[in-house]
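The values are calculated or read from the model by the stated rules, or taken from the named source; none is laboratory data. Here the structure is a predicted model, which means the values were calculated and not measured. No Cβ is skipped: glycine too gets one built from the backbone with ideal geometry, and neighbour counts run over all protein chains shown.
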Amino acid sequence: MRKQVLFLYSLVAFIGIALNANAQARTDVRDFVAAAKETGEQLERLLPSMQKDRKATAYVPIIESAIRLSARVQQAGAGMSQKQYNGFQRELAKIEADLNTQTTQEQTPHTCHGKCEADFPGKGGGKGWKRFWCKVACIKLGPISGQ
């Protein structure tokens, strides 16, 4: 009887841990979707001014890719599968890498970009979107002095 009770407690603990991990993963997905929505809206407002700025036009295809990804993430919503979430994270990382490559080619100071990396490390939740938006703001605003 004691072994059965111990087994039952172990099973309940295991299920609790599994549910907690799943809840955390769902929170990351909800944060990712919310950050995608916010970033997409900001990018859509920024895009016309970047298209008018001759120097910034090189970034337009990257911004447009991010807007399209944001729309797809929002369409999938918080109920997206873990596979979709991981795929969207990979796509965002690719767009961010394209932004980094373009920034390097344009000789934009990296002090601002380095701060973005430090402020939003990793990929979980909305960190990738927030880091991407931070880097886009660096392009438009230029280097941050005194840091």
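Determine if the stretch 65-87 includes at least one residue that is crowded, with 17+ Cβ neighbours inside 10 Å, within 24 Å of ARG30 (Cβ to Cβ), modelled with pLDDT under 90 and not hydroxyl-bearing (Ser, Thr, Tyr).
no
Listed residues ALA58, ALA21; which is in a helix (DSSP H, G or I), modelled with pLDDT under 80 and of a type in the set (A, V, I, L, M, F, W, C)? Before you say what the answer is, go through the steps one by one.
Working: ALA58 fails: modelled with pLDDT under 80.
Selected residue: ALA21, the only one of ALA58, ALA21 that is in a helix (DSSP H, G or I), modelled with pLDDT under 80 and of a type in the set (A, V, I, L, M, F, W, C).
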